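Notes follow once the structure below has been shown.
The values are calculated or read from the model by the stated rules, or taken from the named source; none is laboratory data. Please read all numbers here as calculations on a predicted model, not as lab measurements. Using ideal geometry, Cβ is built from the backbone for each residue, glycine included, and neighbour counts are taken over all protein chains shown. In case anyone asks, the SASA skips ligands and DNA or RNA and just uses the protein heavy atoms, side chains included. Shrake-Rupley method; radii C 1.70, N 1.55, O 1.52, S 1.80 Å.
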Amino acid sequence: MRPVIDRIVPKLEAPEASLLEEARRASILRENAHQVFLERVPAFRAVEQAPPAHPVPAHPVPWTGTLRIAAFNAERLKNRPATRRLMQQSGADIALFSEVDLGMARSGNVHNIRDLIAGTGEGYLYGVEYVELDLGDRGEMHEHAGERNACSLHGNAIVTGFTLEAAHLIPLEENGLWFSGFKGAQRRIGGRMALAARIAGAPRPVWVVGTHLESKTDPADRQAQIRTLLRALDVIAPGEPCVIAGDFNTKALPRTDDERHLLLEAPERCEPLFADLRQAGFAWAGANLALPTQTPGPKDKHKPPFGKLDWIVVRGLAPSNPQIVPAADEEGRAVSDHEMIAVDVIIP
């Protein structure tokens, strides 16, 4: 697996069209070639960063010590105006995003995260999770038939007015699960990852980490991904205050009303990754609500009972005021199949 990546660039390099075509042929033949293509894509070996135009002082006088953190699986970040509205509703100082397209036909063939922050003065980090070999899932392939992707990148992002330093991309797995696709679509190069950075100028080192764990797997595999993340944090941020947030895809957790209390009391019974988080000093009870975060989404593809898939866990920080922000636009139309979650964290 790739080592932790800390090379920062102002613009990620799009993969060559010839390489993508070669990978498509290999994926159909089910050759053991995924790792070879992973190593040939430069975008997998860097993090794109744009600093804020007018950085928010991380250490004003007096330092209030409170930050508002939000996390959102933005479903390709197709609807940037509605997502910006959700950020405003949450009051987020720092927003962690998963499922962010860059140069994908299904979301307008634009740089989605740049469009999201246009005119705000905020900065961002962007890291690639997958290079997409198709136009998307089966519905997206039908809807955008005949179109071409400009860059074919899909990943995670952090948006904030604070200056972020020591950015790292942490690969969590590279087993090629998606290389041949699912149900005849969504062939991909890459693997799940986390994006981590430290808030510059804070009175103590404070790290924010956005991640997206695998959906087509089981609790043991999700636990392995969290263990990989925690091992990396032991090196880059040993014991330091930290927020990890995102779509954990904790599908094994109970979903019925009578078991909802177990979501915060004993989630490790069904999803053992929480035992590893607790052992590493992370807590979740004060940072989350015992409510589902999954929704039917714009395509009405999920049915009740819905799961709590999205989490914020904290170490060395005091969480308060957890919130679920319904992921809908001004007309009440769904923006994603996940709600946005948010919490205040106090730096001691």
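Values as computed for the structure displayed
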{"item": "Scan of the range 175-214 for residues that are among the small types (Gly, Ala, Ser), in contact with a Leu (Cβ under 9 Å, 6 or more places away or on another chain) and closer than 20 Å to Ile8 by Cα, ordered by number", "result": "Gly190, Gly191, Ala194, Ala196, Ala197, Ala200, Gly210"}
{"item": "Subset tally (residues that are more than 16 Å from Arg192 (Cα to Cα) and in a loop (DSSP other than H, G, I, E, B)) for the range 209-257", "result": "11"}
{"item": "Near pairs, Cβ below 8 angstrom, 6+ apart or cross-chain, from the range 6-25 (free of Cβ contacts under 8 Å to residues at least 40 places away in the same chain and farther than 27 Å from Arg198 by Cα) to any residue that is of a type in the set (A, V, I, L, M, F, W, C) and part of a loop (DSSP other than H, G, I, E, B)", "result": "Leu19/Val41"}
{"item": "Filtered residue count, the range 188-218, keeping only those that are of a type in the set (Lys, Arg) and more than 15 Å from Gly155 (Cα to Cα)", "result": "3"}
{"item": "Index of the failed condition, Asp310 passing every other in (1) open to solvent by 50 Å² or more (accessible area, probe 1.4 Å); (2) at pLDDT 95 or above; (3) under 24 Å from Thr256 (Cβ atoms)", "result": "(1)"}
{"item": "Residues (part of a loop (DSSP other than H, G, I, E, B) and at negative phi) located in the range 302-320", "result": "His302, Lys303, Pro304, Pro305, Phe306, Gly307, Lys308, Leu309, Leu317"}
{"item": "Any chance Ser215 is surrounded by fewer than 24 Cβ atoms within 10 Å (Cβ to Cβ) and without any contact (Cβ under 8 Å) to a residue 40 or more places away in the chain", "result": "yes"}
{"item": "Residues located in the range 1-37, provided they are farther than 15 Å from Glu174 by Cα, open to solvent by 90 Å² or more (accessible area, probe 1.4 Å) and either modelled with pLDDT of 95 or more or β-branched (Val, Ile, Thr) (or both)", "result": "Asp6, Arg7, Pro10, Lys11, Glu13, Glu16, Ile28"}
{"item": "Of the criteria (1) open to solvent by 50 Å² or more (accessible area, probe 1.4 Å); (2) in contact with a Cys (Cβ under 7 Å, 6 or more places away or on another chain), which one Val209 fails", "result": "(1)"}
{"item": "Top-ranked residue in the range 261-285 [being out of contact with any helix residue (DSSP H, G or I) (no Cβ under 9 Å at 6 or more places or on another chain) and part of a loop (DSSP other than H, G, I, E, B); ranked as modelled with the lowest pLDDT]", "result": "His261"}
{"item": "Residue check for Phe274: open to solvent by less than 50 Å² (accessible area, probe 1.4 Å) and in contact (Cβ under 8 Å) with a residue 40 or more places away in the chain", "result": "no"}
